[in-house]
Every structure is written in structure tokens, then in C-alpha cells.
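Each remark here refers to the structure printed beneath this line.
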Amino acid sequence: MNRQLTTLPFTRGALLPLVWIFLSLAPVATAANWTVRAQPTRLVNGGPVLFQVKPSAKLAALSGTWLGHEVYFSFDTASKTWFALAGVSLETVPGSYALELSGNTAAGEGSGKTVAFTHKFTVARGKYPKIQVKLSVEGRFTEPNPEQQKQIAEGVQIKKDYLTRVTPEREWSGQFTAPAEAEISDVFGSERIFNGKTSSPHQGLDFRVPSGTPVAAMNSGTVLLARPLYFEGNFIVLDHGQGLLTLYLHLSEFKVKEGDQVKRGQVIGLSGGTGRATGPHLHVAVRWQGTYLDPAQLMRLRLPQPAVSN
């Protein structure tokens, strides 16, 4: 697969309902009866969203922008619908935000003409637990010495270099599934307290698993990172394409290496308690173009499963 890189600025729940919102094209070109649907129907900060667009004319390509990010659309031949995964950051203030789309007509439809429209979606405030989790961790994680600070800085640079990468080609297909069958011990958005000091909201999902539990890929992708970092411990990042990454932290063992292509459900490592962890568990996070999203909400989305070209 030709992977061109660019850099930009729990359990399964019930199936969510869909809503069709009818839109009108902007005056770039005239076309009626375009539709777009958003899943879930209620968008919240910290949540993922699946946009699906069904144009009235055949398009050769469709692109969009959402909250300052480029949105990459794929075409599902079965439903004749364009689709893309995107998200809303935890920091996004509730309000109305525009999804802007632009497409080029295909052969036989006035080939080469540009069609475009803009629609505003309302983003509400997500309801995340306000539970404060009191934890005690080693002093080297709260008051690191100069050598440890150097290791931390190296980790920050590695994440800056890798976690901002976007591969336009989609590798994910169908549902995102839980990386382990286990009880959830901490959820996305909860406040964290380490040694009496409040840190940023929890940016992932924790599974209560003993050390050595197999950890599975949540969807198909390519291993972007598989190495130890100071806070994350043994750390794996899967690139699912179109700016979507899943992160697996505190592992005891790697079962893949950087550059490997993996399938949904494939074992990529074993759980552990490496890095800043109070004990063995699996921390999983989801990033979309630098924005952390709720993994539990992603797993609840009903996602299309078209073939992925190689």
C-alpha cells in the first residue's frame, strides 16, 4: 500500500439511531436532493461521528472540512454512499459548527464540475463522570530527575513526530471492537488525581485485566509505533488511515513490530503494568487527527464494511 504521510496543524452498547438531514447545494453547481446523515444523531464534545453523504449525481471524489480538520471520504458501492469518520475534541465549546463538503462530478454527470454545500451541526456538552480517581504512583513520574526528564522529552518528541501523521488511505472496515473481554475500570473524560495533584481528564478507556492478557487490534491497520516510552510503558499505536489511530499502553510484551499490517481481532501484545501505572491494566485511547475521542462511543457506532483496496 502506498502510504503518503502528511502532518496536520466496553463494552458494546445499543445501536444508535440515524437521522437523515436534507441539504441544499451551494451555488457552485446546482443539484437537488443531496442528503447527509450523522451518527450519532446527537454530537458531543469528545465523541466520534460518522458522516454519510448520498449525492443526487455521481461523484468522482468528495472531500470536506470539519472543525478545522480535513475529512477524508470513501465510497461504499453497495449503498452508493460516501462516508467518513471524524470527531469533536473535549475542548470544543458547545455550539453550532459547519461541515463543508466539496465534490467533483464523475463522467456522464458533467464531468469535472465542482459541487459544494455547507451544513451546520449542533455540538452539545458530553456527560462524562466527575469521579475523582485517587491513585498513588512512583515519585519518578511526578518528580522526575534530570535523566528521567530527558527520557520524558524524548517520548514527547516521538509522539509529536508520529501521532500527528495522517495517511489518506482508509484501512479500517466495519465495527471497532473491544481489545479485551474485561470489566471497564475507568472511563474516558474522568478526572485523574496522582499523589494529590489533579491532571488532565482521562483520555482513554481502562480495562481491568491481569498481566499477560492478550490484547487485540480494534480494527485493521498498520503498526505505527511499537516501543517503550516513559509514561506509556510498552506502547503500540495502530494507524487505521484517514487520521484515525488507536493506542495501547502499559503492555508487558509486544507481538508485532512497526510497519506490520494487522487485522481486527489480531493479538498485538500482552497487557501489563509498565510506565505510569498503578498496577496491571490495559489503557486504550483513540485519536483522530490529534484529537482524543471516547473509545466506548466509537465501538457503539454502526460502521460500513466496504472492501479496502491494497
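The values are calculated or read from the model by the stated rules, or taken from the named source; none is laboratory data. Only a predicted model underlies this, so the values are computations on that prediction, with no experimental measurement involved. Here Cβ is always computed from backbone atoms with ideal geometry, including for glycine, and neighbour counts include all displayed protein chains.
For (1) under 16 Å from the mean Cα position of the chain (by Cα); (2) surrounded by 15 or more Cβ atoms within 10 Å (Cβ to Cβ); (3) closer than 17 Å to THR35 by Cα, each residue gets a yes or a no:
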{"site": "GLY47", "(1), (2), (3)": "yes, yes, no"}
{"site": "ALA57", "(1), (2), (3)": "no, yes, yes"}
{"site": "SER63", "(1), (2), (3)": "no, yes, yes"}
{"site": "LEU67", "(1), (2), (3)": "yes, yes, no"}
{"site": "LYS80", "(1), (2), (3)": "no, no, yes"}
{"site": "VAL88", "(1), (2), (3)": "yes, yes, no"}
{"site": "GLU91", "(1), (2), (3)": "yes, no, no"}
{"site": "PRO94", "(1), (2), (3)": "no, no, no"}
{"site": "ALA98", "(1), (2), (3)": "no, no, yes"}
**Report entry** Subset of region 252-271 (residues that are of a type in the set (Phe, Trp, Tyr) and surrounded by fewer than 17 Cβ atoms within 10 Å (Cβ to Cβ))
**Finding:** none
**Report entry** Boolean, LEU249 is under 22 Å from LEU85 (Cα atoms), buried (at least 20 other Cβ atoms within 10 Å of the Cβ) and not polar (S, T, N, Q)
**Finding:** no
Query raised in the report: Hey, GLY243 hits all of (1) within 25 Å of GLU91 (Cα to Cα); (2) more than 15 Å from the chain's Cα centre (by Cα); (3) small (Gly, Ala, Ser) but one; which does it fall short on?
Result: (2)
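Name every residue in region 148-167 that is under 17 Å from the mean Cα position of the chain (by Cα) and assigned to a helix (DSSP H, G or I), in order of residue number.
LYS159, LYS160, TYR162
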Requested in this report: For region 236-247, indicate whether the set of residues that are touching a Leu at 6+ places or on another chain (Cβ under 6 Å) and not in a strand (DSSP E or B) is non-empty.
Outcome: no
Query raised in the report: Restricting attention to region 73-87, does a residue exist that is at pLDDT below 85, in a loop (DSSP other than H, G, I, E, B) and over 25 Å from LEU205 (Cα atoms)?
Result: no
Report task. Say whether the condition of being surrounded by fewer than 23 Cβ atoms within 10 Å (Cβ to Cβ) and acidic (Asp, Glu) is met by at least one residue in region 277-294. Result -> no
Report task. Please give the number of the condition LEU225 fails out of (1) out of contact with any Lys or Arg (no Cβ under 8 Å at 6 or more places or on another chain); (2) within 30 Å of PHE73 (Cβ to Cβ); (3) modelled with pLDDT under 95. Result -> (3)
**Report entry** Search result, residues across region 277-310 that are out of contact with any His (no Cβ under 8 Å at 6 or more places or on another chain) and more than 28 Å from TRP82 (Cα to Cα)
**Finding:** THR278, GLY279, VAL284
Query raised in the report: Picking from PHE188, PHE176, PHE254, which residue would you name as being among the aromatic types (Phe, Trp, Tyr) and over 27 Å from SER89 (Cβ atoms)?
Result: PHE254
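Taking the stated definitions as given, is VAL156 surrounded by fewer than 16 Cβ atoms within 10 Å (Cβ to Cβ) and of a type in the set (Val, Ile, Thr)?
yes
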